[in-house]
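Trainee: Next up is a structure, given as structure tokens.
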Amino acid sequence: MLRHIIIFLGLATLLFSSSSFAMPDPLQQLQTTVDAVLVLLGDKNMDSEPKREKIRQLVVERFAFNSMAQRTLGKNWRKADQAEQTRFIALFSDLLEATYLHRIEAYTNEKVDYGNVRLKNNKAMVETEIVTSSVAIPIHYKLLQEKNSWKVYDVVIEGVSLIRNFRNSYDDILEREGFPGLFSRMEQKIAELKQ
């Protein structure tokens, strides 16, 4: 009898621990965020400022801005001092938010189709397509697991990496104008997007 109880408790512990510590699903987490954004965009009764703020909160929760910033600077990250790194993360986060909000406000009932998910260790790639009446645009999200959450660290749109694209243009600016010039250009772009 005691042996049966021990076996039962061992199985119960194994089942409980495997379900409670199971790796979260990157597709499900990304889809939850994207669907919530789409619901907000489709809400014709909500004023634009509260709508933008709610969308901004969803984006901030799902994107790994620190990791994106470091990957964007690449080799230049190590060349930056602590103040420059902190400033770049803040500006880069603002720029991505403003860019994302600016583009997403052009939404006109397009459909999002979710495709394959590729997992490797603590990284994942979720393939999606934005489907319009005339074209399907492939958008792949690269995610990094941080504790029990999957965070986007790159977006690949029609085969072009957002991070690589930023890195290429920022490398040129840093070479010519250094961090002061880069920060100035980023501030100008953020101001344009927020108009």
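Trainee: Given (1) modelled with pLDDT under 90; (2) over 13 Å from the mean Cα position of the chain (by Cα), identify the lone condition not met by I55.
Mentor: Result: I55 passes all but (2).
Trainee: Right, here's the next one. Take the residues in the stretch 37-57 that are under 14 Å from D94 (Cα atoms) and of a type outside the set (S, T, N, Q), then tell me which one is surrounded by the fewest Cβ atoms within 10 Å (Cβ to Cβ).
Mentor: Let us first name the residues in the stretch 37-57 that are under 14 Å from D94 (Cα atoms), namely 52-53, 55-57.
From what is left, the residues that are of a type outside the set (S, T, N, Q) are 52-53, 55-56.
Numbers: R52: 17, E53: 12, I55: 19, R56: 14.
That would be E53.
Trainee: Condition first: touching a residue at least 40 places away in the same chain (Cβ under 8 Å) and of a type in the set (D, E, K, R). Can you find one or more residues in the stretch 131-151 that meet it?
Mentor: Yes.
Trainee: Does the stretch 126-136 include one or more residues that are of a type outside the set (G, A, S), modelled with pLDDT of 95 or more and closer than 15 Å to V112 by Cα?
Mentor: Yes: the stretch 126-136 contains one or more residues that are of a type outside the set (G, A, S), modelled with pLDDT of 95 or more and closer than 15 Å to V112 by Cα.
Trainee: For the list (1) at pLDDT below 85; (2) out of contact with any Asp or Glu (no Cβ under 9 Å at 6 or more places or on another chain), I need the number of the one condition that L41 fails.
Mentor: (2) is the only condition that L41 fails.
Trainee: What pairs come out if I take residues in the stretch 157-179 that are in contact (Cβ under 8 Å) with a residue 12 or more places away in the chain and under 14 Å from K79 (Cβ atoms) and pair them with residues that are surrounded by 13 or more Cβ atoms within 10 Å (Cβ to Cβ) and of a type in the set (S, T, N, Q) whose C-beta lies under 8 Å away, six or more apart or interchain?
Mentor: Close Cβ pairs satisfying both conditions: R167/T72; Y170/T72; Y170/N76; D171/N76; L174/N76.
Trainee: May I pose another question? For the list (1) in a helix (DSSP H, G or I); (2) within 19 Å of the chain's Cα centre (by Cα), I need the number of the one condition that E177 fails.
Mentor: So E177 meets the others, but not (2).
Trainee: Turning to a different aspect of this structure: I'd like the residue in the stretch 22-51 that is aliphatic (A, V, I, L, M) and touching a residue at least 40 places away in the same chain (Cβ under 8 Å) and, out of all such residues, is nearest to R62 (Cα to Cα).
Mentor: The extreme case among them is L30.
Trainee: Next question, about the same structure. Within the stretch 140-171, track down each residue that is of a type in the set (D, E, K, R) and not in a helix (DSSP H, G or I).
Mentor: Matches in the stretch 140-171: K142, E146, K147, K151, D154, E158.
Residue by residue, here is whether (1) of a type outside the set (G, A, S); (2) crowded, with 20+ Cβ neighbours inside 10 Å holds:
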site: F63; (1), (2): yes, yes
site: A69; (1), (2): no, yes
site: T72; (1), (2): yes, yes
site: K75; (1), (2): yes, no
site: D81; (1), (2): yes, no
site: Q85; (1), (2): yes, no
site: I89; (1), (2): yes, no
site: F92; (1), (2): yes, yes
site: T99; (1), (2): yes, no
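Trainee: Related question: Among all residue pairs at least 6 apart or on different chains, which show Cβ distances below 7 Å where the first residue, located in the stretch 52-71, is without any contact (Cβ under 8 Å) to a residue 60 or more places away in the chain and the second is among the acidic types (D, E)?
Mentor: Within 7 Å, the pairs are R56/E97; V59/E97.
The values are calculated or read from the model by the stated rules, or taken from the named source; none is laboratory data. These figures come from a predicted structure and were not determined experimentally. Methodologically, a virtual Cβ is constructed for each residue, glycine included, from the backbone with ideal geometry; neighbour enumeration extends over all protein chains shown.
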